[in-house]
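Worksheet: one structure, shown below.
The values are calculated or read from the model by the stated rules, or taken from the named source; none is laboratory data. Note that this is a predicted model, so its numbers are computed, not measured. Here Cβ is always computed from backbone atoms with ideal geometry, including for glycine, and neighbour counts include all displayed protein chains. Please note that ligands, DNA and RNA were not included when accessible areas were found on the heavy atoms of the full protein model with its side chains. Shrake-Rupley method; radii C 1.70, N 1.55, O 1.52, S 1.80 Å.
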Amino acid sequence: MNSMSTPSASTDFTPRIAEIQRNTNETKIRVRVNLDGTGVSKLATGIGFFDHMLDQIARHGLIDLEIEADGDLHIDGHHTVEDVGITLGMAVAKAVGDKKGLTRYGHSYVPLDEALSRVVIDFSGRPGLEMDVKFTSGMIGALDTQLVFEFFQGFVNHALVSLHIDNLKGHNAHHQCETMFKAFGRAVRMAITPDPRSAGVIPSTKGCL
């Protein structure tokens with residue numbers, strides 16, 4: 001796997017990078033993000049389809065992403081998936097920093113064959129998740145589809161974002177899930193992109209986020 005990329009040293013741009021290690025009695029998670037990367041990922045959660053979905057976030061969000069998870073998969077995937085969401089949220093919040101010059105809002109519609117999902121995100125400083133998804137299968141590979149909500153809930157609570165996820169169409173659960181994660185990656189990419197017209201300004205009438 002290629003090493004995580006950073007912008008050229010010839011610029012004065014400082015990439016937004018953060019690394020978080022979170023250990024509990026149930027999981028040991030390490031997450032490293034470069035919000036200004038090229039979509040390179042190195043993923044090892046022990047759940048193949050979950051790794052595939054995390055790769056969608058990296059590739060479509062142009063976020064360099066490393067995730068190592070050692071969880072109690074002998075029980076089930078719940079703690080691992082939820083704790084990855086928590087740790088990723090913590091890393092993104094740290095990398096984003098004070099949010100000066102941030103676009104703040106992002107949205108995306110993504111289709112995959114018969115499936116279509118919409119994701120809207122606001123780096124508001126307030127956690128909130130609205131998710132309307134009716135999966136057509138309880139399992140996709142080794143991933144329990146109930147845990148998709150737990151992943152995003154963990155992310156929202158620690159990235160401090162408002163997140164709306166709607167699967168508008170879909171019959172194949174793999175397609176449903178993949179459109180959600182791709183749209184999430186693209187929405188995050190839009191929201192965290194610096195707005196040159198508001199450089200140094202926090203995008204809120206309150207003056208803080």
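The table below gives the values:
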| item | result |
| --- | --- |
| Subset tally (residues that are open to solvent by 60 Å² or more (accessible area, probe 1.4 Å) and in a strand (DSSP E or B)) for the stretch 33-58 | 1 |
| Failed item in (1) part of a helix (DSSP H, G or I); (2) under 15 Å from Ala173 (Cα atoms), with Glu150 passing the rest | (2) |
| Residues of the stretch 98-108 satisfying the condition of being of a type outside the set (S, T, N, Q) and either open to solvent by 90 Å² or more (accessible area, probe 1.4 Å) or closer than 11 Å to Ile202 by Cα (or both) | Asp98, Lys99, Lys100, Gly101, Leu102, Arg104, Tyr105, His107 |
| Cross-chain or 6+ apart pairs with Cβ under 7 Å, the stretch 159-181 first and open to solvent by less than 10 Å² (accessible area, probe 1.4 Å), then of a type in the set (Asp, Glu) | Val161/Asp122 |
| Selected residue (only one of Ser108, Ser117, Ser124, Ser198 is more than 29 Å from Ile75 (Cα to Cα), among the polar types (S, T, N, Q) and at pLDDT below 95) | Ser198 |
